[in-house]
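Encoded as C-alpha cells, the structure appears first; notes follow it.
What follows is calculated from the coordinates using simple rules that are stated; it is not laboratory data. What you are looking at is a predicted structure, and each value in this text was computed from that prediction instead of being measured. In this analysis, Cβ positions are derived from the backbone assuming ideal geometry, glycine residues included, and neighbour counts consider all displayed protein chains.
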Ligand SMILES: C[S@@+](CC[C@H](N)C(=O)[O-])C[C@H]1O[C@@H](n2cnc3c(N)ncnc32)[C@H](O)[C@@H]1O
C-alpha cells in the first residue's frame with residue numbers, strides 16, 4: 001500500500017473527513033510521498049506531457065513575447081521568474097530565446113520541489129536562484145519578466161456542490177476499505193461571492209472548483225514587484241465555460257500513464273490531479289493587485305503570434321511539422337492549441 005494511503009487514513013481517523021483540498025495537497029505535495037516529489041511524472045515515462053516537453057519552440061515563443069514587449073516599451077530585460085518551474089526545461093528555452101541582448105539580469109526558479117531545478121544553464125552566465133515559495137523574495141526587489149506554464153491548474157482546489165439545499169463541500173472519508181467522497185454543509189462567503197460573480201444563474205445542481213491559492217499568489221507578485229510583464233499559460237477557459245452547467249461534475253480529473261481517469265481518490269501520490277483554470281478569476285485577481293490584462297487568447301493564437309510556425313519555415317523543416325502530431329496539437333484547434341489559454345498581464 002502506498003504510504004500516503006496510510007497517512008491520509010490516519011488523519012481521517014483522528015480528525016474526521018478531510019476537505020478535498022487537503023487531500024489534494026497531500027496527494028500532490030506531501031514532502032516525502034506527494035506526486036510531484038517522487039519520480040518524473042512528466043514525459044513519455046510519466047503520466048502526461050507538458051508543452052515544453054513537446055517542443056523547445058514553446059519556450060522560445062514565450063521568450064519572444066517578452067522581447068517584443070520590452071522592445072516596444074524601451075525597457076531593459078530585468079530579471080526572470082518562473083512559477084512552478086518543474087525540471088527547468090522551459091526556463092532554459094525562454095533564456096535561450098531572450099539571447100545575449102535581452103539576457104535576464106538574474107533568473108529565479110520557483111517550485112515546491114527544488115531538487116529538480118537547474119543551478120546552471122548553458123549559454124547563461126548570470127545568477128540562478130531557486131525558491132520554494134515567493135515569501136523569501138524581498139518586497140519590491142523584482143523587476144522584469146514572470147511566467148508560468150501549467151502552474152495554476154496544479155494548485156489544490158476546494159470542491160463544492162451547489163443545490164437547492166445550499167452549498168456543500170467535498171470531503172474525503174474512509175469506508176469499506178476505500179476513500180469515499182462525502183459532501184458536508186459549507187459556510188464559505190468567499191465561495192458564494194465567487195459563484196455570484198462567475199457562475200451562471202439558476203439553482204440546478206452544479207459541482208465546481210474554487211482555487212483558494214490564486215488571490216494570495218497575485219498579492220505576493222504585487223509585493224515583490226513594482227514593474228513586471230507576466231505570461232500565464234494553462235489549461236482552462238473563461239468563467240462561463242469553466243462553470244458551465246453543461247459540465248455538472250466540474251472539471252477535476254486524474255491523469256495516470258497518459259490516460260484521464262475519473263477516480264479522483266484512487267492512487268493518492270501516484271496520479272496527477274488537475275482542474276481547469278478560470279481565466280476571468282485570474283485576470284480579476286491580477287487587476288485587483290494592479291496588473292492589467294494585455295491579451296487573453298488560445299495557446300495556438302499565442303504561439304502563432306510569437307513565431308512558433310516561422311521557426312519551422314525558417315529551418316525548412318516542413319517534414320517535422322507534417323509528421324509530428326504532438327507538435328501540431330500545441331497549435332491547432334481541438335488539441336492543446338485550443339484548450340490551453342495564454343494570458344498576458346502588465347503592471
Ligand atoms: C504540471 S507541473 C509544470 C512544470 C513546468 N512548468 C512545465 O511546463 O513542464 C506544475 C509544477 O508546479 C509546481 N507547483 C505547484 N504548486 C506550487 C506552489 N504553490 N509553489 C511552487 N511550486 C508549485 C509543482 O511542483 C510542479 O513542478
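Here is how the numbers come out for the structure above:
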quantity	calculated
Percent of Cα-Cα distances greater than 27 Å, calculated over region 1-133	35 percent
Over region 112-218: Kirkwood hydrodynamic radius from C-alpha pairwise inverse distances, Å	17.9 Å
Stokes-Einstein D (µm²/s) once Rh is taken as the Kirkwood radius of region 51-90 over alpha-carbon pairs, at 4 °C in 1.567 mPa s	114 µm²/s
For region 165-227: rounded, prolate or oblate by the Cα gyration tensor [a/c cutoff 1.5]	oblate
Candidates 100, 189, 17, ranked by Gaussian network fluctuation over the chain, Cα under 10 Å, top entry	189
Fraction of antiparallel bridges per DSSP, region 1-159 only, in percent to nearest 5	5 percent
Calculated diffusion of the chain, Stokes-Einstein form, Kirkwood radius summed over Cα pairs, 37 °C and 0.692 mPa s, µm²/s	155 µm²/s
Compactness index (Cα Rg / 2.2 N^0.38 Å), region 219-260	1.76
Shape call, region 76-139: gyration tensor on alpha carbons, a/c limit 1.5	oblate
Nearest-ten-degree value, helix 3-15 long axis tilted from longest Cα axis of the chain	50 degrees
Alpha-carbon centroid distance for the pair region 129-208 / region 1-40, whole angstrom	17 Å
Helix axis angle, 214-224 relative to the chain longest principal axis, alpha carbon, degrees	40 degrees
Sorted by Cβ density within 10 Å, fewest first, the residues 306, 131, 258	258, 131, 306
Nearest-ten-degree value, helix 279-288 long axis tilted from longest Cα axis of the chain	70 degrees
